[in-house]
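Enquirer: Before anything else, here's the structure in question.
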Amino acid sequence: MKKSLHIGILAHSAEGATLSYRTVWKEGAAKMGAHEHPRITMSGGAMAPTLDLWERGDLAALRQIFWEDAERLAAAGADFFILPDNTAHIALEQPGPDFPIPCLHIAEVVAAQAAVDGRLHIGVLGTRWTMEGPVYEAALTRRALKSSIPTPEDREIIHKAIFHELCLGDFRAETRAEFVRIIGNLQNKGCDAVALVCTEIPLLITADVAPLPILDSTRLQAKAAVAVAIGEAAMPVWRGGVV
């Protein structure tokens, strides 16, 4: 079998990175055969020291942290990397030195899948920074797709649940019910799919409970990485900054 490329996973939030790693090896086995998958290297520090930087909006400092982890992945031999954290892409899109190896941009993967699926109006659920930030609106707009986000009150419910529950591996029935309600509200606004663009949300919300078809950013990015690694998709060229 042709040698596959080496995938780097830049971890930021632990649950999302863990799901990404698991999806890469499962997709690898599905594509390459039992007990096969591309080489994977994962690097990332604890998220706690970055939280104050997020609150202060110090995107340059955050970008530098991610750049240093990408450098570790490059030193380990990774050909390209994925960052299974949607909010982190706000920092990656900031001006700065090129990342040492290319990155497969999570929002571009999600937006591309939405277009392939024939969706027109995407609801976006993630951290407050992701929902209110530029990354997904821009990625969807580039494909002539409309996007909507929840009300300010519901955005705060989602944001707090992500950091106080989901990122800590705490998945509650009552939180699931709130997310389902919020997705239902997006459906009432005309959305025909919902993008789960905090990498932990797919561990809480699955297709069988969501009122709308879901776009699972974590698994979509991981599967796209395998496609690149085995030559089914083109090597990414983006190394940070403007997409």
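The values are calculated or read from the model by the stated rules, or taken from the named source; none is laboratory data. Please read all numbers here as calculations on a predicted model, not as lab measurements. Cβ: placed from backbone, ideal geometry, glycine included. Neighbour counts: every protein chain shown. Note: areas computed on protein heavy atoms with side chains; ligands, DNA, RNA excluded. Shrake-Rupley method; radii C 1.70, N 1.55, O 1.52, S 1.80 Å.
Enquirer: Would you please give the residues with an amide H less than 5 Å from that of Trp238, counting only those at least 5 places away or on a separate chain, with H modeled from the backbone geometry?
Expert: Cys103
Enquirer: Tell me, what ³J(HN,Hα) does each residue in region 207-215 have, in order and in whole Hz, if you take phi through Karplus 6.51 cos²θ - 1.76 cosθ + 1.60 with θ = phi - 60° and put x for Gly and Pro?
Expert: Rounded to whole hertz, the list is 4, 6, 10, 6, x, 10, x, 9, 10.
Enquirer: Tell me, how many Å apart are the Cα centres for region 81-123 and for region 134-159?
Expert: 14 Å
Enquirer: Sequence neighbours fewer than 8 away in the same chain don't count; with that in mind, list the aspartates and glutamates whose C-alpha is under 13 Å from Lys146.
Expert: Output for Lys146: Glu137, Asp192.
Enquirer: Can you give the Rg/Rh ratio of region 2-73, where Rg is from the C-alpha atoms and Rh is the Kirkwood radius?
Expert: Taking Rg over the Kirkwood Rh, I get 1.09.
Enquirer: Which FRET efficiency, nearest 0.05, do Ile157 and Ala29 yield, Cβ-Cβ r, R0 22 Å?
Expert: 0.05
Enquirer: Can you tell me the dipole magnitude for the chain around its Cα centre, using point charges on the Cβ only (Lys, Arg +1; Asp, Glu -1), in Debye to the nearest 20?
Expert: 640 debye
Enquirer: Now for a different question. Among all the aspartates and glutamates, which ones have a C-alpha under 12 Å from Lys223's C-alpha, if same-chain residues fewer than 8 places away are not counted?
Expert: Straight-line reach from Lys223, under 12 Å: Glu27, Glu232.
Enquirer: Still on this structure, please answer the following. Tell me which chymotrypsin sites (Phe, Trp or Tyr not before Pro) from region 153-182 have a DSSP coil assignment and no more than 16 other beta carbons within 10 Å of their own.
Expert: Sparse-neighbourhood loop chymotrypsin sites (Phe, Trp or Tyr not before Pro): Phe171.
Enquirer: Given H placed on each backbone N at 1.01 Å, which residues far from Thr199 in sequence or on other chains put an amide H within less than 5 Å of it?
Expert: Amide H neighbours of Thr199: Asn86.
Enquirer: Still on this structure: For the chain, just run the numbers: alpha carbon Rg, then divide by 2.2 N^0.38 Å, N being how many residues it has.
Expert: Normalised Rg, Cα atoms only: 0.96.
Enquirer: Given H placed 1.01 Å from N in the peptide plane, which residues other than close sequence neighbours of Ser148 have an amide H under 5 Å from its amide H?
Expert: Ile122, Gly123, Val124
Enquirer: Just the accessible area per residue of the chain, please: how many Å² with a 1.4 Å probe? Provide the component values of the computation, followed by the final result.
Expert: Values: 10550 Å² over 243 residues.
Ligands and nucleic acids excluded, the result is 43 Å² per residue.
Enquirer: In whole Hz, what ³J(HN,Hα) sequence does region 121-136 give by Karplus (6.51, -1.76, 1.60; θ = phi - 60°), x for Gly and Pro?
Expert: Rounded to whole hertz, the list is 9, 10, x, 10, 10, x, 5, 4, 5, 6, 5, 8, x, x, 5, 6.
Enquirer: Sticking with this one: At a Cα cut-off below 16 Å, give the lysines reachable from Lys3, other chains included and same-chain residues fewer than 8 away excluded.
Expert: Of all the lysines, those that pass the test against Lys3 - Cα under 16 Å, at least 8 places apart if same chain - are Lys31.
Enquirer: Show me, for region 145-155, the HN-Hα J-couplings you get by feeding each phi into the Karplus relation (A = 6.51, B = -1.76, C = 1.60, θ = phi - 60°), rounded to Hz, glycine and proline as x.
Expert: 9, 8, 9, 9, 10, x, 5, x, 5, 6, 4
Enquirer: 222 nm [θ] for the chain, helices only, -39500 (n - 2.57) per DSSP H run of 4+, per residue, to 500?
Expert: Counting only the DSSP helices, I get -14500 deg cm²/dmol.
Enquirer: I would also like to ask the following. Tell me, what % of the accessible area of region 21-163 is carbon and sulfur with a 1.4 angstrom probe?
Expert: 53 percent
Enquirer: What is the antiparallel percent of DSSP beta bridges lying wholly in the chain, to the nearest 5? List each step's numbers first, then the result.
Expert: On the way: 0 of 18 bridges.
So the antiparallel bridges amount to about 0 percent of the total.
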